Amino acid sequence: MATSGYTRPPPLADGASATSTALYVANCGPAVGLTHDDIRAAFGVFGEVAGVNDADGSGARVIVRFREPDAAEAAMAALHGRPCAGLGGRVLHIRYSVPAKPKGPVGGSIPVATSASELGIPGIYLVEEFVTAAEEQELLAAVDNRPWKSLAKRRVQHYGYEFLYETRNVDSKQFLGELPPFVSKVLDKIMSFPGANKCTSKLVDQLTVNEYPCGVGLSPHIDTHSAFEEMIFSLSLAGPCIMEFRKYPKGSWRAPSMTSGTDKDSIQEPQCIRKAVFLPPRSMLLMSGQGRYAWHHYIPHHKSK
């Protein structure tokens, strides 16, 4: 199970601990009978909670993220080493945490942004905790009850229209039917997504579900213009990943070859501009404008033991 992507903040010059909007909370989580909703409610008395994540695979440690640092400071002062009435009197052990910078993608170390503003590509938007942990589990269960199509290194499901990997396009005459009910809540929230009102796309009518086993990535590409409209939404479930964006000088990039429906790694192009962003579980990414049409997006492949 992936870790939360958070770590201890660096010490200040005077040796004091830095504060942040995120708290690492031990003796707290599903393994001790506390749901993420329970934790959100208990910490919500100190300010708006942006999200609750498992800190690791133990089920007994979580990351609680507030919108404002003052709320995190108040929760720390009130609950660290003390029983929490809202969680059945459980004594919590708390410290501040900050987003850990993930290692750079394969092919050379580059900084990894933790927000769209830090990434700095026009048309790219990222919203964390777009769905709740409970909604995530509902989506995963619904998907697993549907039939999969196996490619060489991953499995896919197509709704609305099937993407044909051999031609990198869709057959607009082969309508598969309306999008499944399990995605209706996600579609409702998409319309309020930052940046969506700047786009002129039609209603969402196509969905591809990709299952990426550990280590399997995605070669650099721009989604086919004729197959997809101006907005590409990508919801990350069940784990985090690093997505790299590459902007190539005109004519310097060659499309990766395809074998049995699987992307092969493309040749490294040192001339390209490279940027990367960390996508946490349950986050939604929107690619539009320059981020949709001028930048290739890429999930690096990794060898796994």
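In this rough spin-label picture, where each label sits 7 Å from Cα along the Cβ direction, the S192-R95 distance is 3.7 nm.
On the beta carbon distance between H80 and H221, with R0 = 30 Å, the FRET formula returns roughly 0.05. Peptides 25-32, 83-90, ordered by how many other C-beta atoms sit within 10 Å of their residues on average, highest first, read 25-32, 83-90.
The packing ranking, built from the mean of other Cβ atoms within 10 Å per residue, places the peptides 143-151, 58-66, 183-191 in the order 58-66, 183-191, 143-151, highest first.
Using a probe radius of 1.4 angstrom, the carbon and sulfur fraction of the accessible surface of region 6-99 is 52%. Placing a pseudo-label 7 Å from each Cα along the Cα-to-Cβ vector at Q157 and A142 gives an inter-label distance of 0.9 nm.
With contacts taken as Cα pairs under 8 Å and at least 6 residues apart, region 6-99 reaches a relative contact order of 39 percent. At a probe radius of 1.4 angstrom, the accessible area of region 6-99 per residue rounds to 48 square angstrom. Nearest 0.05, what FRET efficiency do E178 and I273 give at R0 = 25 Å with Cβ-Cβ as r? Between E178 and I273 the formula returns 0.05.
The values are calculated or read from the model by the stated rules, or taken from the named source; none is laboratory data. All values derive from a computational prediction rather than experimental measurement. When we count neighbours, we look across all protein chains shown, and the Cβ atoms used for this are built from the backbone with ideal geometry, even at glycine. Keep in mind that these areas ignore ligands, DNA and RNA; they rest on the heavy atoms of the full protein, side chains included. Shrake-Rupley method; radii C 1.70, N 1.55, O 1.52, S 1.80 Å.
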